[in-house]
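See structure below.
No value in this document is a laboratory result; all are computed from the given coordinates. Just so it is clear, the structure is predicted and the values come from calculations on it, not from any experiment. Neighbour counts run over all protein chains shown; Cβ positions are idealised from the backbone, glycine included.
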Amino acid sequence: MARARLILDVRMHSKNADGLFPIALRLYHKKQKIVRLPFFTSREGWDDKNMIFKKSAIANREQNCDLINKELNEKLYSAKSIIDKLGKTINDISVNILTENIKESWDKMLDSDLKKNLSNEISLSEWGQVLIDRKLREGKPSTAKWYKDSIAAFVNFNNGVPIKLYHLNVTFLKEFELANKAKGNSNNGISSYMRGIRAIYNSAIKEDMYIPIKNPFNHYKIPTSRRTKKKALSKESIITIRNLKYKKGSNLWHSQNYLLCMFNCRGMNLIDLAKLRLKDIGESRIFYGRSKTGDPLSVKITGEFATILKYYTEGKKLDDFVFPIGYDGSVETFKKYKSDRRLVNKLFKIIAQDAGIEEKITSYYIRHSWATIAKNMGISTEIISEGLGHHSLKTTEIYLKSFDNSVLDDANELIVS
C-alpha cells in the first residue's frame, strides 16, 4: 500500500542560503519519492510527529505558522485522498505517475486559491503607508523614510504604476535587481530596497492582510551587501583625539566631547547620545533605550565620561537634555537633528585632520572603532555583540549567552582606558 507523510528534508544539498531545510512530501510506492514544498525551517522548527511548524521556534517567528500548517495539511490530505481513490488501481502505476496525479490535484487547489487571491486588491503603497504612519507615530522617521524610499524605487521600476502585492513574484524581483544593476546601482542600495519591501510584504502576511500562494522572498536571494571599507579608528587615534585642546564651549570642543562620550559608552549611536536626559543618569550608570531597536541598555560611567558629564549636567533639571544636540525623538524635530548631525560629522572631519588622521570620520566610526579595538584586544565576539546592543534573530541564534553588567563593564573599562 502506498504511503504519504510530510517530512523535513535534511539532506545537506537541500539546505537554502539561510541554512534552513525544505518541507517535503515523502511518498512510498514500490520505491521512495521526495516532493519538495515551498516552506523552509530549521531542525528545531519542525514537529515531525505532528508534521507541523513549531510556532515557538526562532526560525519560524517571521512566518505565519497557522497558514503554513493549514496548507501543508491540505496538501497531505489531498495526497492521501488520491491514494485512497485509486484503490487497487494504484498497483498498476509507478510512483512517478502517482506523484503527477498528486501534483495535479495541488494545481487545482492552487487555481482556486489564485482566484481568491486576485480579489485582494491591496497594493504595496497602501499597506506600506500604514507601516510608514506607524513608524512616524513611534518616533522612528528613519525607518519610515526607508520604507518610503523602497516603495518609490519599486513603483518607479514599474513605470509609476501601483504594485499589487500579488504582482510581487520571483520574476519581478529578479527583473528589479537586473534593471538596477544595469543603471550601475550598487548591491548595497538594491539590497536595502529589497529588504524594505520584504519587511512590508511579510508584515501584510503576518497581519492577515494578504495570503500569498507562494512567498517570493522564500525563493529569491536578495543580493548580498558588500562590506564597505572598514570604518574604524585605532586605539592610538582615539588617544590622539582625546589629547586635542579646543576652546571650551566651541562647536569643536562639544563635538570632541560627543565623540569621546560615544566611545566611552560602548560605541553609542549619536542619536542615542542626543536623546540622553539628566534623568537617564544614575549614580554610577546611564540607562537608555536604543533608538534602532528600543532595547534597554545600561552602561557604567567611566572616569572620562564622568568628567565630561560634570560640565553638561550642572544646573540642569531631570527632564533637560544632557547635551546641546538634544533630540526628543519626534518627527517634527527630526529635521533639526539631521542638520545637527551633519554639522557634527563636518566637525568630526576637522577633528580628524587636527589629529593627523587621514580618514574623513563620521559619528558611526566610533561604533566600529569600539568594536574593532575590542576585537584586537582579544575580547570575545559574544561580549562585543552584547556590548553593542545588537538585536536580531540571527544575532539571537548566534549569541545565546547573556552577560551581566559586570562583565560588560570590565570589557568597557579595558577598551576606553
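What's the FRET efficiency of Arg285 with Asn96 using the Cβ-Cβ distance as r and R₀ = 56 Å, to the nearest 0.05? Walk me through the numbers before you get to the answer.
Details: r = 67 Å, r/R0 = 1.20.
That pair, Arg285 with Asn96, gives E of 0.25.
Quick check on packing: order 21-32, 86-97, 2-13 by the mean number of other C-beta atoms within 10 Å, highest mean leading.
Averaged packing, sorted descending, gives the order 21-32, 2-13, 86-97.
How far apart, in nm, are two points set 7 Å out from the Cα along the Cα-to-Cβ line at Thr307 and at Ala179?
Between Thr307 and Ala179, the label points sit 5.7 nm apart.
5 Å is the cut-off here: which amide hydrogens, built 1.01 Å from N in the peptide plane, fall below it relative to Gly289, excluding neighbours closer than 5 in sequence?
Hits under the 5 Å cutoff: Leu297.
Using a Cα-Cα cut-off of under 21 Å, which lysines could be cross-linked to Lys346, ignoring same-chain neighbours fewer than 8 residues away?
Straight-line reach from Lys346, under 21 Å: Lys229, Lys230, Lys231, Lys245, Lys247, Lys248, Lys275, Lys335, Lys336, Lys338, Lys360.
Among Thr224, Thr240, Phe39, which residue has its Cα furthest toward the positive end of the charge dipole of the chain, with +1 on Lys/Arg Cβ and -1 on Asp/Glu Cβ?
Thr224
Computed from the coordinates I sent, semi-axes √(5λ) of the Cα gyration tensor in Å equals one of (1) 52, 24, 19; (2) 33, 27, 17; (3) 44, 32, 22. Tell me the label.
(1)
Can you work out the Karplus-derived ³J(HN,Hα) for every residue in region 372-379? Use 6.51 cos²θ - 1.76 cosθ + 1.60 with θ = phi - 60°, whole Hz, and x for glycine or proline.
Working through the residues one at a time gives 5, 4, 4, 5, 5, 8, x, 6 Hz.
Which cross-chain or sequence-distant (5 or more) residues have an amide H under 5 Å from the amide H of Arg277, H modelled 1.01 Å from N in plane?
Distant-sequence amide H within range of Arg277: Val322.
For a protection proxy built on the mean count of beta-carbon atoms within 10 angstrom, sort 375-382, 66-73 highest first, please.
Per-residue mean Cβ counts within 10 Å order the peptides as 66-73, 375-382.
Whose amide H sits under 5 Å from the amide H of Lys164, counting only residues 5 or more places off or on another chain, with H placed in the peptide plane?
Leu124
By average Cβ neighbour count within 10 Å, what is the ranking of 235-241, 255-261 from highest down?
Most protected by this proxy first, the peptides run 255-261, 235-241.
Would you mind classifying region 124-218 by shape? Square roots of the alpha carbon gyration tensor eigenvalues, ordered a ≥ b ≥ c; an a/c under 1.5 is rounded, otherwise it is prolate if a/b is larger than b/c and oblate if not.
Oblate, since a/c reaches 1.5 and b/c is not below a/b.
Can you work out the FRET efficiency for the pair Leu318 and Glu121, with r the C-beta to C-beta distance and R0 = 60 Å, to the nearest 0.05?
0.75
For Tyr246, Tyr288, which order do you get if you count the other beta carbons within 10 Å of each Cβ and list the fewest first?
Ordered by Cβ neighbours within 10 Å, fewest first: Tyr246, Tyr288.
Work out the charge dipole of the chain with +1 on the Cβ of Lys and Arg and -1 on the Cβ of Asp and Glu about the Cα centre, then indicate which of Ala182, Ala4, Asn73 is farthest towards its positive end.
Ala182
Go through region 182-195 residue by residue and turn each phi into a ³J(HN,Hα) via Karplus (6.51, -1.76, 1.60, θ = phi - 60°); whole Hz please, and just put x for glycine and proline.
Values per residue, Gly and Pro as x: 5, 7, x, 6, 6, 4, 4, x, 4, 4, 4, 4, 4, 5 Hz.
Using +1 on the beta carbon of Lys and Arg, -1 on that of Asp and Glu, and nothing else charged, what's the dipole of the chain about the Cα centre, debye to 20? It would help to have the intermediate numbers written out before the result.
Working: 71 positive and 47 negative charges, 165 e Å.
Computed charge dipole of the chain: roughly 800 debye.
Spelling out what I want: for every residue of region 209-221, take phi, set θ = phi - 60°, compute 6.51 cos²θ - 1.76 cosθ + 1.60 (Karplus), and round to whole Hz; glycine and proline get x.
8, 7, 10, x, 6, 8, 6, x, 6, 7, 10, 10, 8
Estimate the FRET efficiency between Lys15 and Leu278 by the formula 1/(1 + (r/R0)^6), using the beta-carbon distance for r and 51 Å for R0, to the nearest 0.05.
Once the sixth-power term is evaluated, E becomes 0.50.
Grab the Cα-Cα distance for Lys231 and Lys49, subtract it from 0.36 nm times how many residues apart they are, and report the gain in nm with one decimal.
60.6 nm
Sum -39500 (n - 2.57) across every DSSP H segment of at least 4 residues in the chain, then divide by the residue count to get the 222 nm mean residue ellipticity, nearest 500.
Calculated from helices alone, the mean residue ellipticity at 222 nm is -16000 deg cm²/dmol.
Need one number: nm distance between label points at Lys245 and Asn188, each 7 Å from Cα along Cα→Cβ, rounded to one decimal.
Roughly 3.8 nm, to one decimal.
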